[in-house]
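Down below is the structure, laid out as structure tokens.
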């Protein structure tokens, strides 16, 4: 007698109605109400990660639309009977009026046209013809465009269902035509409860630890959870034991992560290396170690921030509560960030265990804040001289300078640091006499020290008052009447947000060289633009459309290559340079600034530090 073929758990326990759906109550509620009230949309979009029920919801919806009831007299319902021809054949993947299309392998315009042609025919046996396109974001742009008209105004007997794991790649025009539902990843608790019910139905004994490992490994995907459970049953010979599931998944025992946290908190590098070597000897994954360590640190952070918030029924909660006081809250956050970053760096290390060790040792480079034993800070070498403070300028003087510079007055700095003269005593460290990099000239030969005068922003003193703080780039603009007209137009377009991004840049960088009346009544406006990327026809067309809308005149833009001599951008640069020149002149000629420079003979005005108000 032939044995019946085995049906995997993910297929055997696939939900067949909304009551059986797990973890998607918000979607079930919305669709149920819509079906009960007869408010049916022509296109639905289900988004979410893999294995959380997008295709399942699509099939249930198709059954709801086509169910005829056990007696063959039923209509559209939120509770399909499951026994009529439509319900049974949709479950068996052979219903003529329900089509599932995988866009990953049928993504071109030819497939889209074939779908449109099939949509023109009425349902063969059902009430509605339902097209389900899985991974719809992989359709080409041409295929999307071909579907748009049918998607927006389909026949009354046609329903579209799109499913995608990446809605960001969907065209906005498609998104706007669909009723969108986002299916959420399921919590480990939800997955665990469902697995427990499935295993009870299958009469498979399971240890709580094994169930917890499978629920975490699924990462919110019920399909993955059921597939892993199938694999674990085969691995364990019909039983689910924690040790067997851990070995199958390559998971690291929580006790290893516990010992690592204890060693890190105590700043015990020797114990840390010993634990890492033990992981290597046992063949445990470095990536798995960091993953378990990250999970433990996350729970520690929760306990530190909200004591008692962790699941009381979880047997590992007591361990977390014991570890939480060992690290300060900011140390826990720092270590968590290091662990996450370290997982991405493992592939770059000489080997994964060396990478693991470096991630853990990185934390020891930071001084302890709590829990561990702080390391003494290094002492300052006695031979290094201490800078002698120089009296700071008076608060009144700084306030007046700040007022002249049109800047708010910050608090008076506590001291002005001066560089000491070179030490002459035997054995004393010699201090470099090189000027700092922001000085535009070296100190005078007879000046052994310099003073950096701290003054409020935006004025910084560290350059001679007789020279400008920075050379100004001369901006020459050959002004023309057409340039005046063009600058006014561009200013109006920019103020009204009529041009954006590269179109705005084209308008700003262009020079209007001529306006000629055309024989057909359409004016020809000639623009000169230097940058090749801005001379793209598409940008010129958009700018032309904006000008026509603003002026109401019939015109045609023609863009040619050349260096503009009068453009809005050049005029703005000229005005900015003039404001900068005036601001620098005010500061350099200000008597208060002159007094400060006289008080500190080697003071300078830092180039580029003056900013016009």
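Quick notes on this structure:
- Qualifying residue in region 551-569 (condition: without any contact (Cβ under 8 Å) to a residue 12 or more places away in the chain, under 17 Å from residue 487 (Cβ atoms) and outside any loop (DSSP other than H, G, I, E, B)): no
- Number of positions in region 296-319 that are modelled with pLDDT of 90 or more and closer than 23 Å to residue 192 by Cα: 7
- Any chance residue 86 is surrounded by 14 or more Cβ atoms within 10 Å (Cβ to Cβ), over 43 Å from the mean Cα position of the chain (by Cα) and either outside the structural domain of residue 18 (by TED's automatic domain parsing) or not in a loop (DSSP other than H, G, I, E, B) (or both): yes
Conditions tested, residue by residue: (1) within 30 Å of residue 510 (Cβ to Cβ); (2) assigned to a helix (DSSP H, G or I); (3) free of Cβ contacts under 8 Å to residues at least 24 places away in the same chain; (4) touching a helix residue (DSSP H, G or I) at 6+ places or on another chain (Cβ under 7 Å).
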{"residue": "573", "(1), (2), (3), (4)": "yes, yes, no, no"}
{"residue": "582", "(1), (2), (3), (4)": "yes, yes, no, no"}
{"residue": "585", "(1), (2), (3), (4)": "no, yes, yes, no"}
{"residue": "588", "(1), (2), (3), (4)": "no, yes, no, no"}
{"residue": "594", "(1), (2), (3), (4)": "no, yes, no, no"}
{"residue": "598", "(1), (2), (3), (4)": "no, yes, yes, no"}
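- Output for region 355-390, where each listed residue is closer than 18 Å to residue 294 by Cα and either modelled with pLDDT of 90 or more or within 29 Å of the chain's Cα centre (by Cα) (or both): 355, 356, 357, 358, 359, 360, 361, 362, 363
- Within region 477-513, being without any contact (Cβ under 8 Å) to a residue 40 or more places away in the chain, farther than 16 Å from residue 550 by Cβ and surrounded by fewer than 12 Cβ atoms within 10 Å (Cβ to Cβ) holds for 481, 501.
- In region 58-71, the count of residues that are out of contact with any helix residue (DSSP H, G or I) (no Cβ under 7 Å at 6 or more places or on another chain), surrounded by 19 or more Cβ atoms within 10 Å (Cβ to Cβ) and not in a loop (DSSP other than H, G, I, E, B) is one or more.
- Only listed residue being surrounded by fewer than 19 Cβ atoms within 10 Å (Cβ to Cβ) and either more than 39 Å from the chain's Cα centre (by Cα) or modelled with pLDDT of 90 or more (or both), chosen from 6, 98: 6
- One residue from 290, 297, 273, 264 being farther than 15 Å from residue 340 by Cα and either without any contact (Cβ under 8 Å) to a residue 12 or more places away in the chain or buried (at least 18 other Cβ atoms within 10 Å of the Cβ) (or both): 264
- Residue in region 528-543 that is at pLDDT 85 or above, outside any loop (DSSP other than H, G, I, E, B), out of contact with any strand residue (DSSP E or B) (no Cβ under 8 Å at 6 or more places or on another chain) and within 16 Å of residue 572 (Cβ to Cβ) present: no
Residue-wise test of (1) in a helix (DSSP H, G or I); (2) over 34 Å from the mean Cα position of the chain (by Cα); (3) not assigned by TED's automatic domain parsing to the domain that holds residue 335.
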| residue | (1), (2), (3) |
| --- | --- |
| 200 | yes, yes, yes |
| 204 | no, yes, yes |
| 219 | no, no, yes |
| 237 | no, yes, yes |
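- Test: residue in region 234-244 that is crowded, with 20+ Cβ neighbours inside 10 Å and under 30 Å from residue 47 (Cα atoms): no
- Among the residues listed as 35, 40, the single one being assigned to a loop (DSSP other than H, G, I, E, B), at negative phi and surrounded by 12 or more Cβ atoms within 10 Å (Cβ to Cβ): 40
- Filter result for residue 571 (outside the structural domain of residue 489 (by TED's automatic domain parsing), surrounded by 13 or more Cβ atoms within 10 Å (Cβ to Cβ), farther than 22 Å from residue 499 by Cβ and under 40 Å from the mean Cα position of the chain (by Cα)): no
The values are calculated or read from the model by the stated rules, or taken from the named source; none is laboratory data. Since this is a predicted model, take the numbers as computed values, not measurements. All Cβ positions, glycine included, derive from the backbone under ideal geometry; neighbour counts span all protein chains shown.
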